[in-house]
1. Shape call for the range 165-235 from the C-alpha gyration tensor, a ≥ b ≥ c root eigenvalues: rounded (a/c under 1.5), prolate (a/b greater than b/c) or oblate?
2. Just want to confirm a number: the relative contact order over the range 330-398, from Cα pairs under 8 angstrom separated by 6+ residues, in percent.
3. Just round it to a whole percent: the fraction of Cα-Cα distances in the chain exceeding 33 Å.
4. Starting from the Cα of residue 474, step 7 Å along the direction of its Cβ; do the same at residue 529; then give the gap between the two resulting points in nm.
5. Dividing the alpha-carbon Rg of the range 373-460 by 2.2 N^0.38 Å yields what?
6. Label residue 153 and residue 309 with points 7 Å out from Cα along Cα→Cβ: what is the distance between them in nm?
7. Which ordering of 110, 408 is given by a fewest-first count of other beta-carbon atoms within 10 Å?
8. Return the distance in nm (one decimal) between the two label points of a simple spin-label model at residue 57 and residue 100, each offset 7 Å from Cα along Cα→Cβ.
């Protein structure tokens, strides 16, 4: 299996939101190695398709059902990779030249209208060859929106006079602005840029993790496929409207898709998503609602990092909310080799990548401000059936790489002619989880076990897990809680202890000894009077 990743910061500077993750890697290990992939949801009904005019600049009689029918018909035809013919002037742009091009804010769509949203385009070029088209309309009729060289500013070393009369063959993507922080300024809110990548902000956050429309064959023996949004249909927002609707065509060698987004900005920016998928070919692994992030090092995984900053990550854990009320917390890692974890579920309530640690002193980065990177939760709407949540952790030595991905894998693998529908809600913000009455994991720390006064290195490993909040926060100091720790046969539990934290929380200390080189899957939680009083901590212990 071949492993690859794209420089994350370089990609963003070049105008590519997010990064290609990997086409494979070394074998991994599963939280539940027997997890099997869920039955396909019912296919949408067949209806007549939307009607584009002869030159493709206008689409009439549009609605989501006709749009879905159009994408279903396209899936019945062979995929044709249309060569992107960029004018030489664009094709020869260097990395630094491309960075020097900026959209002129005064040219934003709807800037002169009494609307709460504005739209700006990203410039195409050698650094951004995945072009897309934007149609704007009232929900029934859409007109192709064109952009020219005059819509952009060209900074040194570029000569602006060479670009002014250029009609762009398409755009690399777009971003929406909205008065998120204050009513007199339009903040950047959502970006769609590169393949099917997009990302969003809630109030008081900075861009961090990204989402994708779909993941195909991620971390399998089959080369990964990156479907792209080839066209967008954006409903022009009316005066005073605080939601915006977007439809998107998804296309690739294996499938087509009809997507519908309703975006509602706020402290949490909420997206309601419907994805209808039509398969040309079978795929080994379908990744639904994929999330892409970065974890270089943290309190649980420093691995000899020599850095003045204590932690560097966009997100620090995977959260899973189960139908039975249990919540799982899996701290993220930067492993020595590609690591895969599988969590078998039946229609989960929610899952997502969170940044729980919001203390600046834990990062000490005045530029990147990791403590205000968004969390993102996915809430399935309707019954997704049986399947599994897959977590992929890729080794990286630099924070410019997105090395974390998580997604839902349905139990039933798509075959040629398969049709799926998934509906879900996305919550982007500082606090993306629903309130929880039980204690949550707020810190995971690892180091050598044994007696610290001994000079001889210990052959044991110590994990310290901090549980905070919930109903146990106000218990008397002499309260007795019981640790519940599950350790597989590949390790020996040497010692477990509970101590009260100065904050009022509780620390569970687990000392372990390895019996083999097999990764150790750990589980721990707190109970009181035979009742569970915390979420469940999970960890995959590999290496030292």
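Throughout, read-outs are computed from the coordinates displayed, never taken from laboratory work. Every value quoted in this text rests on a predicted model; they were computed, and no experiment measured them. Don't worry about glycine lacking a Cβ; one is built from the backbone with ideal geometry, like all the others, and counts go over all protein chains shown.
1. Oblate.
2. That works out to 54 percent.
3. Here the tail beyond 33 Å accounts for 43 percent of pairs.
4. The two pseudo-label positions are separated by 1.6 nm.
5. Here the answer is 1.68, to two decimals.
6. If labels sit at residue 153 and residue 309, their model points lie 2.7 nm apart.
7. So the ranking, lowest neighbour count to highest, is 110, 408.
8. If labels sit at residue 57 and residue 100, their model points lie 3.3 nm apart.
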